[in-house]
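Report on one structure; see the data block that follows.
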Amino acid sequence: MNDSNQRSTYLENLKNKWEQKGFKCEIHTGSPGEGWSSKGHEAEEVFIPLEGEIEVSFQGKTFNNSIGE
């Protein structure tokens, strides 16, 4: 199994574990500088970076986090 297949299997297993706990789980892979926007949700959101860093802007504040923060 190559690295791409291992990563895909790992992410699918991770998604399934969160969904079994009753959470909706979406996996997003982005390139540096790429944006993502949402018009809002009816529930709280949790972002968990698996590698690299993430910058999230929420209610006028910007948060920069990396793995483990």
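The values are calculated or read from the model by the stated rules, or taken from the named source; none is laboratory data. In this text the structure is predicted, and so the values were computed from the model without any measurement. In this analysis, Cβ positions are derived from the backbone assuming ideal geometry, glycine residues included, and neighbour counts consider all displayed protein chains. Note: accessible area is taken over every heavy atom of the protein model, side chains too, but ligands, DNA and RNA are not part of it. Shrake-Rupley method; radii C 1.70, N 1.55, O 1.52, S 1.80 Å.
Looking only at residues in the range 56-69 that are in a strand (DSSP E or B) and in contact (Cβ under 8 Å) with a residue 12 or more places away in the chain, the one that is surrounded by the most Cβ atoms within 10 Å (Cβ to Cβ) is Asn65.
Across the range 4-43, the qualifying residues are those that are part of a loop (DSSP other than H, G, I, E, B) and of a type in the set (D, E, K, R), and the one among them that is least open to solvent (accessible area, probe 1.4 Å) is Glu34. Looking only at residues in the range 44-55 that are closer than 21 Å to Ser66 by Cβ and of a type in the set (D, E, K, R), the one that is most open to solvent (accessible area, probe 1.4 Å) is Glu53. Return the residues of the range 30-47 that are at pLDDT 80 or above and of a type outside the set (Gly, Ala, Ser); say none if nothing qualifies. Scanning the range 30-47 gives Pro32, Glu34.
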